[in-house]
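Every read-out reported here was derived from the displayed coordinates using simple, explicitly stated rules and does not represent laboratory data. On a predicted model such as this, the values are computed, not experimentally measured, just so you know. Because the Cβ atoms are built from the backbone with ideal geometry, glycine has one as well, and the counts that use them run over all protein chains shown.
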Amino acid sequence: MESLPYVLEVGSQEVILTPDPAHEFTATTEQVALGYGVSASAIREHKRNRGDELVEGKHWVVRNSDTLGGQQDMTLWTKRGIVRLGFFIRSARARLFRDMAEDLVISAMQPTVPARHPALITARAIGESLGLSRNAVLNRLSRQYRIAPVACGQELRQQVCYLYPLAQVAEALELDGWTLAQPLRPYTGTVLRGGPRLALERAQRGVRTRTGKSALKPPAPSFTGMVNRVQAAQELAQLELRRYELMQALA
């Protein structure tokens with residue numbers, strides 16, 4: 001079973017670190033920038049200007065990852081690289097993030113490290129790891145594993161999706177004997193307020209969603225209304241017949 005990602009609380013921000021067999025853990029440039037309280041371009045500038053101190057394979061690596069734009073090469077910072085960047089970045093959050101990264105190195109990434117806000121995952125991401133469709137995953141989560149969504153997120157093209165607790169999903173898959181085709185990818189997008197009911201509420205307003213109906217459908221004609229129209233047509237036919245009989249009598 002793949003190791004689960006860790007979520008570090010750095011001030012008011014949450015930084016996702018992914019366990020790595022060669023470097024203990026790695027983080028994307030965007031996540032490192034979030035931890036240090038700087039822009040991603042500032043991290044890239046340090047990488048470009050300090051090539052003698054930030055070495056590929058030791059402080060950062062390049063991995064091919066599945067992104068929104070398809071398969072792309074992505075720079076990932078190792079535990080050494082994250083700590084080394086702290087030598088160049090001076091801020092209160094930088095010191096805090098550097099100290100937390102050092103603590104993780106010393107504790108050797110013990111699985112018991114707590115996270116107040118556990119990582120979340122979408123049904124689509126689970127399906128990518130299992131080789132299943134999103135609908136098949138939703139069916140397993142609700143009927144077989146009895147795992148309910150805990151929040152709603154917003155993915156591509158304003159589509160709303162359910163979010164599930166990643167640790168609970170990983171445990172259920174492990175107990176069920178699944179072998180992952182790729183690691184479970186935690187959700188890093190926007191978490192919407194309002195809880196899981198929000199997706200269906202948005203669907204009722206005609207907003208495209210992944211978890212509710214795609215749009216409002218025109219109301220189907222009621223059976224009562226159809227009966228009333230039939231009765232009215234019959235009464236009209238009777239009146240026309242009565243009118244014809246009266247015209248014949250007056251002729």
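Remark: spin-label model distance LEU175-ALA22 equals 3.6 nm, labels positioned 7 Å along the Cα→Cβ axis. Stretching GLU56 away from LEU246 to a fully extended chain increases their span by 58.1 nm, per 0.36 nm per residue minus the current alpha-carbon distance.
Take the Cβ atoms of GLN182 and ARG90, set R0 to 30 Å, and the FRET efficiency comes out at 0.20. Report the calculated FRET efficiency for ARG143 and VAL191 (r = Cβ-Cβ distance, R0 = 22 Å), to the nearest 0.05. The formula returns an efficiency of 0.30 here.
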